[in-house]
2 protein chains.
Amino acid sequence: MAKISNANKQANKITLAHGSGGRLTHELVKNVFAKHFKNKVLSRLDDAAILDTYNKNIVFTTDAFVVNPLFFPGGDIGRLCVCGTVNDLSVMGATPIAITVAAIIEEGLGFDVLERVTKSIALTAKEANVLIVGGDTKVVERGKGDKLFITTSGVGVLNINAKFSGSNAKPGECVLLNGNIGDHEVAVIGARNEYGFITNIKSDAAPLNGLIAKTLPFASKISVMRDPTRGGLATTLNEIASASNVGIIIEEKQIPVSKQTKNVCEILGLDPLYLANEGKVIVIAQENAKSKIEKAMTSHKYGRNTRTIGTVVNSPKGVWLKTLNGGLRPLVMLEGEQLPRIC
Amino acid sequence: MAKISNANKQANKITLAHGSGGRLTHELVKNVFAKHFKNKVLSRLDDAAILDTYNKNIVFTTDAFVVNPLFFPGGDIGRLCVCGTVNDLSVMGATPIAITVAAIIEEGLGFDVLERVTKSIALTAKEANVLIVGGDTKVVERGKGDKLFITTSGVGVLNINAKFSGSNAKPGECVLLNGNIGDHEVAVIGARNEYGFITNIKSDAAPLNGLIAKTLPFASKISVMRDPTRGGLATTLNEIASASNVGIIIEEKQIPVSKQTKNVCEILGLDPLYLANEGKVIVIAQENAKSKIEKAMTSHKYGRNTRTIGTVVNSPKGVWLKTLNGGLRPLVMLEGEQLPRIC
């Protein structure tokens, strides 16, 4: 608790920044949850857990979704929760099998809203070829919730050659990314109408198991897969660099950002590297497999814009951006978030 | 949606009663969720899903917990969420292996509260011999949540002879219960201090996997196991009677209720048969195995007060209470709940 207390000395209370996915979230997880729950499986802190207590090929994950608004260009909370869980399983090298859906509904929510979200969950599950096998429904009093929170959990089966972990990155490996970053968060911010900008940017929310399946023939050459959601590309790369005790250098000119998202970021003073994505995957692989993996990813509709964005180095440690003018800028983990939470 | 609309015609909005575990919850699940998610696994509507798409011995479940207050005599939301998930797996005949914990925290929650709950989760998981293998943390703005909501999901391994399902009850079988009903809900209501009564009744919240393991040598003689939580004994028996298309007659004089809980129920006008439990299990088994199962259950600390409370009949269908004076009273499924939600 020491570090958390420093960050919020007077109150010693949870703040929104503790849910941002940044440094404060990491400290909260480490200093409260992981401290009490400690065990071998949890200590890896990957996106999903491999249940080696029973059978080394069952993978298990959970995620809570509290997005506002519930509907936004390119998606909604229903598509989001299925994609999030499917992707967390997929980046572990698992084939997603089954999902559960637990809804916490605020009294007064319209049935039409609930039905629209439910349909979206069903459609996305169909696209991802996973079954919804169970759920739970709780209703809380008006003012004790925010329309609809959904927690999805998922079970998958690990593919035999996939041994991916955030702690496996090795110097000399290359970093691939399957396309434009930041679109999801910009789409959600736009849908809130708080900043008075109108955009037709759509969330990238997508189930990535099909795309990732394309890379599995090269699984033995892949060390890390992660989806850069809350906290964005920079935060996820920081998690990997820290867990693997390496440095990661990415090249600004290689990072794909749509022109529209770039414009919004300039107006609002946001850095797309820290914006949430819901359909992106970072793949860290051996240099000699790069072109095959890139080709495999590019062949899938969710990987058309795949690029090699950087390399893993022994030093300097941490994450660095090689800027357009050739300088190196450190990409630290933010304390909290750039803007009100959106995912 | 037709039936739901009838029940709430003017508003067509979700009400607290939709979260009660009673008839409206069942209609919500059936007419919204199950309609869109339909598949073979989900349609069984048991407490946990057996993943026969992959491997017939993996069992998977989820539950959201929104209890108010967070702490009450005999337990707290932490103990509750682990017990709920462990018990949902156990009543399917599975050995619980791993649990995930997803927290939705309202901004401003004290770290001390979060740490106390986290410790309770860890202690209960240790008692139940399950690992916490993953989690997620989201923080919502003040006034958009209610201190702390927790969704736990669990994975277990099915024991080979256990083929329990709410739809398996057969006429001639007997109904066993492991002890006093209603204590959990009365403990939570008391902790709210809304009704001005003081009681030392403690919640029965307990992980039942140890108790249920004692019955597994007789698994081939057991047709149904269910934990009567939200909605109480009467609601769970109604679910079983309906899914199995049988009648269930229980005897009032056999139903164990503590004197204190009986007193509180009389004062507040509550029926203990509809009050939530968090450490109770209904076992429906063949008559010729009754005494062995009863003996096995009584040997465990959470089964000391085990009784045979009734029998399964072909007709009348539904659930019936044989009262102390010999009459038969129908125990219907309530529309909503007797009192504000507590579990």
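The values are calculated or read from the model by the stated rules, or taken from the named source; none is laboratory data. Predicted model, so just to flag it, every value in this text is computed and none were measured. Note that each Cβ is placed from the backbone with ideal geometry, even for glycine, and that neighbours are counted across all protein chains shown.
With respect to residue B:105, is the statement that it is facing another protein chain (nearest Cβ under 9 Å), over 22 Å from the mean Cα position of the chain (by Cα) and not in a helix (DSSP H, G or I) true? Yes, satisfied. Being modelled with pLDDT of 95 or more, buried (at least 22 other Cβ atoms within 10 Å of the Cβ) and assigned to a loop (DSSP other than H, G, I, E, B): is that true of residue B:310 here? No: the conditions fail for residue B:310.
If we keep just the residues of segment B:56-88 that are among the hydrophobic types (A, V, I, L, M, F, W, C) and closer than 18 Å to residue A:156 by Cβ, which is farthest from the other protein chains (Cβ to nearest Cβ)? Checking each candidate, the answer is B:59. Residue count for segment B:145-174 under the criterion of being outside any loop (DSSP other than H, G, I, E, B) and under 21 Å from residue B:48 (Cα atoms): the result is 10. Pick from segment A:121-144 the residues that are touching a residue at least 60 places away in the same chain (Cβ under 8 Å), not hydrophobic (A, V, I, L, M, F, W, C) and not in a loop (DSSP other than H, G, I, E, B): which of them is nearest to the other protein chains (Cβ to nearest Cβ)? If we take residues in segment A:121-144 being touching a residue at least 60 places away in the same chain (Cβ under 8 Å), not hydrophobic (A, V, I, L, M, F, W, C) and not in a loop (DSSP other than H, G, I, E, B), then A:124 is nearest to the other protein chains (Cβ to nearest Cβ). Filtering B:248, B:255 for residues that are surrounded by 24 or more Cβ atoms within 10 Å (Cβ to Cβ) and modelled with pLDDT of 95 or more leaves a single hit, B:248.
Say whether the condition of being more than 10 Å from chain A (Cβ to nearest Cβ) and surrounded by fewer than 21 Cβ atoms within 10 Å (Cβ to Cβ) is met by at least one residue in segment B:145-159. Within segment B:145-159 (the criterion being more than 10 Å from chain A (Cβ to nearest Cβ) and surrounded by fewer than 21 Cβ atoms within 10 Å (Cβ to Cβ)), the answer is yes, since at least one residue qualifies.
All conditions in (1) out of contact with any Ser or Thr (no Cβ under 8 Å at 6 or more places or on another chain); (2) not assigned by TED's automatic domain parsing to the domain that holds residue B:310 hold for residue B:185, with the sole exception of (2). Give me the residue from segment A:11-35 that is among the charged types (D, E, K, R) and over 19 Å from residue A:331 (Cα atoms) and, out of that set, farthest from the other protein chains (Cβ to nearest Cβ). Of everything passing the filter in segment A:11-35, A:30 is farthest from the other protein chains (Cβ to nearest Cβ).
For the criterion of being in the same structural domain as residue A:305 (by TED's automatic domain parsing) and crowded, with 24+ Cβ neighbours inside 10 Å, residue A:199 fails.
Filter segment B:109-120 down to the residues that are β-branched (Val, Ile, Thr) and facing chain A (nearest Cβ under 7 Å) and list them by number. Selection gives B:118 alone. For residue A:70, the conditions (1) farther than 22 Å from residue B:121 by Cα; (2) modelled with pLDDT under 90 all hold with the exception of (2). Of the residues examined, residue A:77 is one that is of a type outside the set (Ser, Thr, Tyr) and crowded, with 24+ Cβ neighbours inside 10 Å.
Has segment B:251-263 got at least one residue that is in the same structural domain as residue B:310 (by TED's automatic domain parsing) and touching a Phe, Trp or Tyr at 6+ places or on another chain (Cβ under 8 Å)?
Just the residues of segment B:251-263 that are in the same structural domain as residue B:310 (by TED's automatic domain parsing), to begin with: B:251-263.
The next check asks that each one be touching a Phe, Trp or Tyr at 6+ places or on another chain (Cβ under 8 Å); those that pass are none.
No.
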